[in-house]
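Here the structure is laid out as structure tokens; the discussion comes afterwards.
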Amino acid sequence: MSNNTSSTPQTMRVERDSMGEMSVPTNAYWGASTQRAVLNFPISNLRFSRSMIKALALIKMAAAQTNAENGDLPKTFADAIVVAAQEVADGALDEHFVVDIFQTGSGTSTNMNANEVIARRAGQHLSVVENSTASKIHPNDHVNMGQSSNDVIPTAIHLAALLDIKEQLLPALRELSRCLGRKAKQFDKVIKTGRTHLQDATPITLGQEFLGYKGQVDNAIKRLRYAQNRLSQVALGGTAVGTGINTKAGFAKATLSALSTLAAVKVKETSNHFQAQSSIDEIVDCSGVLKTIATSLYKIANDVRWMGSGPRAGLAEVVLPAVQPGSSIMPGKVNPVICESTMQVCFKVIGNDATVTLASQASSFELNVAMPVAAHCLLESITLLAAASANFSSNCLKGLKATTTGPDLVERGLALCTALAPVVGYDLAAEIAKEASKTGETILLVAQRKTSLSLEELSRLLDPFAMTKPGAKGSD
């Protein structure tokens, strides 16, 4: 929560929890437990993401529906909780979620923040229905019925990640794949020199390079499907330590069925609650997938950046869209800023994965106690990768154009002699390459002097497009 810089004193009300009385801002929907967390954790300006708040709200909605159906919660209470939770899910009460990411490691403070906000708002709805001013809905007894922070928070993390992957990252990666596919076709006839070890290798088409990039993105999508399957198995129903104390048989199954409908993503009860609550292995797994995606995206952006280097003293094989001036001192300079932005996102995602990995080490006995920071890093990585992928597609790749530099350099490429080796032998081919390098001549001209092959045969062997087809000899 931001500091109050106004000189006007903030009006307060008194709330109570199991520890006693607590002064809370009058207009706040949260209660005593949340206020204690606000005071206990003045660490950063980091708060849970929109998707995490939405996930928590949807869990509370589904639980209220199940508890009402089981006869454990009055229908009027459940209806009011559902209305309030829907408001939270829609983002209408985001300003009331005020607990720092760096809080209690179980996320209890955030679970109570959700319970208190929903309870108070639901109480207002109930008061209107019952024509009463008294709020009868309790954050623990009613909103949190059949639940524990220890199973709600990991479930919310999984659900939030599933929502963000479905709604943000997968659409962005699919568009990136389509964009790269279009460029692969567009550049299919643009020949250039391949590079291995940053040295000239046999010819490749620019389209083939982009086809490789598309393959990386397509594999990223496949990896995300695996992560989605892992995340779909959630901890709800295990309550405190995985035993399911204080919850009815069938509660988790019914609640998760309702939750799947509300969220429009499939979630199901884990087959092993003790594993699901004593570790964050699925979160680590998903973060690892995101890290792999980041390394793929980095490779693509970095290659494009290098191919666009120049325009006079670099590779200059492609022209990147000019989106902004590149220098405050050098007029006319344009930099590969979209590539650089994308690469920086990749660095951040890789760093977030390291944090998630370390957070997993806080799994002791029946509970992990670093879930808030793990959740923050995981969800941030999904959002950043989605935004960077979409931006890379729209502001860089779509306007990318090939130059004549790549084709012009192929004729002078020394690696063309690779195609001669099977015919004249490796040693003579190497001798031809060395002489061409020394004199500045083409491989064709030197080969005409040093071999008995006809011009027609040499032209056929040294056809760069023929070297890009399957069956052609390659270089290491």
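Throughout, read-outs are computed from the coordinates displayed, never taken from laboratory work. Source: prediction; values computed, not measured. Cβ coordinates were reconstructed from backbone atoms using ideal geometry, including for glycine residues, and neighbour counts include every protein chain displayed.
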Report the label-to-label distance for residue 41 and residue 264 in nanometres (one decimal), using points 7 Å from each Cα along the Cα→Cβ vector. 3.0
In Å and on Cα atoms, what radius of gyration and Dmax does the chain show? 30.2, 104
Would you mind calculating the relative contact order of the stretch 411-468 from Cα pairs under 8 angstrom and at least 6 residues apart, reporting the percent as a whole number? 36
Taking 7 Å along the Cα-to-C-beta vector as the label spot, tell me the residue 455-residue 102 distance in nanometres, rounded to one decimal. 7.5
Quick one: helix 281-307 against the long Cα principal axis of the chain, what's the angle to the nearest 10°, folded into 0 to 90? 40
Rounded to the nearest 5, what % of DSSP beta bridges with both residues in the chain are antiparallel? 90
Based on other C-beta atoms within 10 Å, arrange 295, 418 from fewest to most. 295, 418
On the formula 1/(1 + (r/R0)^6), with r taken between the Cβ atoms of residue 302 and residue 469 and R0 of 35 Å, the FRET efficiency rounded to 0.05 is 0.80
PRE zone check, label point 7 Å out along Cα-to-Cβ of residue 13, amide N under 20 Å, scope the stretch 96-127, hits 96-99, 112-127
Which Rg and Dmax, in Å, describe the Cα atoms of the stretch 163-238? 17.7, 60
Unit Cα scatterers, Debye sum, the stretch 1-109: log10 I(q)/I(0) for q = 0.21, 0.22 Å⁻¹: -1.27, -1.31
Residue separation times 0.36 nm, minus the C-alpha to C-alpha distance between residue 229 and residue 129: what's the value? 31.8 nm
In degrees between 0 and 90, to the nearest 10, how far off the longest principal axis of the chain does helix 149-164 point, with axes built from Cα atoms? 40
Hits in the stretch 95-111: amide N under 11 Å from the 7 Å Cα→Cβ extension of residue 362, namely 101-108
Could you state the number of Å between the C-alpha centres of the stretch 310-338 and the stretch 243-287? 50
Helix 108-130 axis, angle to the chain major axis (alpha carbon atoms, nearest 10°): 50
Anchor residue 185: lysines whose Cα lies under 18 Å away (excluding residues fewer than 8 positions away in-chain): 214, 398, 401, 469
